[in-house]
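Heads up: the structure comes next, in structure tokens.
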Amino acid sequence: MPAHLAKTALAVAVLLALSTAAQAETLSDAAGDAGLDAQTIDKVEVHGMRPKAQSPKYTESLQDTPQTITVVTKDVMAQQNLLGLRDVLSTLPGITFGAGEGGGGFGDSINLRGFTANSDITVDGVRDSAQYSRSDNFNLEAIELVNGANSVMSGAGSVGGTINLSSKVAREGDAHAFTLGAGTDSYVRGTADSNFDFENGTALRLNAMVHQNDVPGRDHEEAKRWGFAPSIAFGLGTDTRFTLSHVHQQDDNTPTYGVPYYRNAFNDGPLPGVDPSTYFGFHNFDTQEITSDTTTAIFEHDFNEKFSIRNLTRWSEVEQLIRVTPPQGTWCLGNGTLVTTGAACATPGFFTQGGPAGNTRDTRNTILYTQTDATLNFSTGSVEHDLVAGFSIMHESFDLATGNSLRNPNGTTPTFPVRSIYNPDTRWTGPVNFIVTGKTKGDLDNRSLYVFDTIKFNPKWWLSLSARYERNEGDTSSITIATPAAGGAITYNPTFENADNLFSYRAGLVFKPVEHGTIYFAYSNSKTPSKASVNGSCTAQTCAVDPETAVNVELGTKWDLLDSRLALTAALFRNERQNYKVADPGNPNNPTGEQQLDGKARVDGIALGVAGNITDAWSVFANYTYLDSEVLQSVSDFVRQTTGVDAQAGNPLTNTPKHSASAWTTYRLNDWTIGYGATYQGDFYLNNSGAVLYKAPSYWMHRAMVGYRINDAFALQLNVNNLFDKEYYTRIRNNGWATPGDARSATLTATYRF
């Protein structure tokens, strides 16, 4: 049989096998990524220096880009068995996670360098604005963390930075990798990643994953998912290339809220006597179902060595249905006092369910996007230019049906049983009826023009300039629906609209004293309109307010040492919200109550990093971040002048640890590899107003790995997470709940590649 026909037959066989496995949801696992093979299981890539970031807007290598950018490759993720986005980001300092509830809904809620980054997640440089849990990296090459105000790169927002997920695509060369693993807490996982090069410029890549696990240390909480990602490329190795990819993933999870958590005058964290494993929802009711689909087409053409064009066009849709019963209510502690007031109560050790029990959100986010870039290398006299210019057009839509599913058929609330704080009954036996009480529809259109130019005056002095102009237009409409018991009347609420022209920019001066060393100074801004995301909404008091402005000032240096095996980075920075919206009550010159752009906040910091190989056998990846945050002004100028009171001024920002650090190192002994890592999360404030400020405590978390290479094709890897079984809490909603960190767990992975 001819070689290309044999490869075609093998590709079809793998495709059928992966499809069958995914649909059957027969779950098996291997810690790590299908792209990890026996030869790279013990290798840490030097990330953060020599490689380029994925976006074509970056004209230079990361070493020569005047900005702090950390790239975590698939190999590093696999070594530590980091699977979801939160898993990876939890190992990078300067990031904390919110409770994932409120107006945005349950999902990834990220705080980056003191500011929210919920709408600042991109996939291959394209905004991924849906609020959902990005639970698996099976189709990712890398995760790029771009720090600092950066809307010139990714559009409106990006106050603290941007998180970019870089996808796998078909490429040149045959490669087949399969993983299978199992572990504690019912952990099973399987991945398959096969790239078929047909040696005529065409390649096909088939990538799949099936997974399930119970959440370590938690009762009833579990995660199940499967995904499939085919990609085909034409014209590889030629001047004209075309790639078509699709990613499909389905999740069936239990939404993890955690345990009741209060830091106030009457309590100091989790409720006393509560085991962190205790589940406080209704396990036979609570659910998070996610379906995501993304189709991407990329066309590239090189006219010559100095001029090329590229177009990326994408359709993406994410649907999420979530029904939740967070641990919220009236808590009568074992000593007979209420946790919120300390007053006496009648049922010691019991609580009455309250708050959002049974809340249900059914959402759909859809994106249509196209981006065209032209890359040009030219000279003006003795000055060289690496220039990228382009435009993008995006349309997003958002549909939400919200209500409650723990309801009687007529929409009235059933009587919730009084439950034990220490051993609650988690099975719901009452009625389940989704009573829709509201629907919301949002649309967002963004059209942008941008240019990026690196001007090289000589080998030592470079100037990086970039600018972006965009038109951002959005609207939100909603209806309110009365319950059947109240007549079911529909109320059409006002439609809120916002339209802004935004201009953002970045300038960076680069000095290269030697070829492998860079010193830079950079200044950039960020613009955030009142409707910055499709699932957000402005109001009568905010729609007409001008965009907010943030700036980032950074002085940094990047060095390659030991024959470019080891990369060192250091940066001093200031990230400042120069203005943000605050209420303006009582101002006679503002009769409509429009909010004012008088709020100000600042974060000064230091970022240090090291990545690469100290010796051929010893590799390291470590980062440290120091953040000194402060609210400069939290009320309008009118309120400040007339009352003299600004209660938050001078206080630190919430969810912003002053110190945080992480380290991961491996050492190779012949066919054995030993890895060890530690993450430190410093304490941070949970509130920045009121007479008393409360902190979440600091913690250390450790992980370890042992890998054994049997031969060039086959390897085994053992991972232990939370090595010392540390009890700690994340995603804290103070005076509400917090999520216990995963308890100690272990996984064993087998990787086979040919």
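Which residue out of V383, V418 is touching a Ser or Thr at 6+ places or on another chain (Cβ under 7 Å), on the phi < 0 side of the Ramachandran plot and hydrophobic (A, V, I, L, M, F, W, C)? Outline the logic, then answer.
On the way: V383 fails: touching a Ser or Thr at 6+ places or on another chain (Cβ under 7 Å).
Selected residue: V418, the only one of V383, V418 that is touching a Ser or Thr at 6+ places or on another chain (Cβ under 7 Å), on the phi < 0 side of the Ramachandran plot and hydrophobic (A, V, I, L, M, F, W, C).
Here K531 meets each of (1) under 30 Å from A130 (Cα atoms); (2) of a type outside the set (A, V, I, L, M); (3) within 27 Å of the chain's Cα centre (by Cα); (4) surrounded by fewer than 19 Cβ atoms within 10 Å (Cβ to Cβ) with one exception, condition (4).
Taking (1) under 26 Å from P652 (Cα atoms); (2) assigned to a loop (DSSP other than H, G, I, E, B) in turn, L555 satisfies each apart from (2).
Among the listed residues F303, F285, which satisfies the condition of being at pLDDT 95 or above and surrounded by fewer than 16 Cβ atoms within 10 Å (Cβ to Cβ)?
Numbers: F285 fails: surrounded by fewer than 16 Cβ atoms within 10 Å (Cβ to Cβ).
Only one candidate qualifies: F303.
Select, from P272, P276, P326, the only residue that is in contact (Cβ under 8 Å) with a residue 40 or more places away in the chain, closer than 30 Å to K439 by Cα and either of a type in the set (A, V, I, L, M, F, W, C) or outside any strand (DSSP E or B) (or both). One residue alone meets the criteria, P326. The residues of the stretch 482-515 include none that are among the β-branched types (V, I, T), out of contact with any Pro (no Cβ under 8 Å at 6 or more places or on another chain), assigned to a strand (DSSP E or B) and surrounded by 13 or more Cβ atoms within 10 Å (Cβ to Cβ). Taking the criterion of being under 25 Å from R709 (Cβ atoms), buried (at least 18 other Cβ atoms within 10 Å of the Cβ) and of a type in the set (V, I, T), the residues of the stretch 170-215 that qualify are T179, V188, T191. The single condition among (1) basic (K, R); (2) surrounded by 16 or more Cβ atoms within 10 Å (Cβ to Cβ); (3) out of contact with any Ser or Thr (no Cβ under 7 Å at 6 or more places or on another chain) that R468 does not satisfy is (3). Of the residues making up the stretch 397-431, those that are among the β-branched types (V, I, T) and in contact (Cβ under 8 Å) with a residue 60 or more places away in the chain are T412, V418, I421, T426.
The single residue among Y728, Y708 that is at pLDDT 95 or above and either of a type in the set (D, E) or closer than 23 Å to S90 by Cβ (or both) turns out to be Y728.
Confirm whether T122 is polar (S, T, N, Q), crowded, with 24+ Cβ neighbours inside 10 Å, in contact with a helix residue (DSSP H, G or I) (Cβ under 7 Å, 6 or more places away or on another chain) and at pLDDT 90 or above. First the steps, then the outcome.
On the way: polar (S, T, N, Q): yes; crowded, with 24+ Cβ neighbours inside 10 Å: no; in contact with a helix residue (DSSP H, G or I) (Cβ under 7 Å, 6 or more places away or on another chain): yes; at pLDDT 90 or above: yes.
So T122 fails the test.
Residues of the stretch 53-77 being more than 30 Å from W462 (Cα to Cα) and without any contact (Cβ under 8 Å) to a residue 60 or more places away in the chain, which ones? The one that is more than 30 Å from W462 (Cα to Cα) and without any contact (Cβ under 8 Å) to a residue 60 or more places away in the chain: D75. Checking each residue in the stretch 352-378 for being modelled with pLDDT of 95 or more, more than 25 Å from the chain's Cα centre (by Cα) and not charged (D, E, K, R) picks out T372, A374, T375, L376, N377, F378.
Restricting T287, T256, T295 to residues that are in contact with a His (Cβ under 6 Å, 6 or more places away or on another chain) and under 30 Å from E222 (Cβ atoms) narrows the list to T295. Among the conditions (1) part of a loop (DSSP other than H, G, I, E, B); (2) of a type in the set (D, E, K, R); (3) under 21 Å from V72 (Cβ atoms), D546 misses just one, which is (3). The strands (runs of 3 or more DSSP E) located wholly in the stretch 79-139 that include 1 or more residues which are touching a residue at least 24 places away in the same chain (Cβ under 8 Å) and touching a Gly at 6+ places or on another chain (Cβ under 7 Å) occupy 110-112.
Could you list all residues from the stretch 229-282 that are on the phi > 0 side of the Ramachandran plot and within 29 Å of the chain's Cα centre (by Cα)? Lay out the reasoning, then the answer.
Here is the first cut: in the stretch 229-282, the ones on the phi > 0 side of the Ramachandran plot are 235, 237, 258, 269, 273.
Answer for the stretch 229-282, where residues must be on the phi > 0 side of the Ramachandran plot and within 29 Å of the chain's Cα centre (by Cα): G258, G269.
Are there strands (runs of 3 or more DSSP E) fully within the stretch 400-481 with at least 1 residues that are among the basic types (K, R) and over 30 Å from G334 (Cα atoms)? List them. Talk me through it step by step, then tell me what you get.
Numbers: elements: 418-420, 435-456, 461-481.
Correct list: 435-456, 461-481.
Among residues of the stretch 488-507 that are within 13 Å of T476 (Cβ to Cβ) and without any contact (Cβ under 8 Å) to a residue 40 or more places away in the chain, none has a beta-carbon under 6 Å from a residue that is assigned to a loop (DSSP other than H, G, I, E, B) and not polar (S, T, N, Q) at least six positions away or on a different chain.
Under the condition of being charged (D, E, K, R) and not in a loop (DSSP other than H, G, I, E, B), which residue from the stretch 216-231 is surrounded by the most Cβ atoms within 10 Å (Cβ to Cβ)?
Here the residue is R225.
The values are calculated or read from the model by the stated rules, or taken from the named source; none is laboratory data. Here the structure is a predicted model, which means the values were calculated and not measured. In this analysis, Cβ positions are derived from the backbone assuming ideal geometry, glycine residues included, and neighbour counts consider all displayed protein chains.
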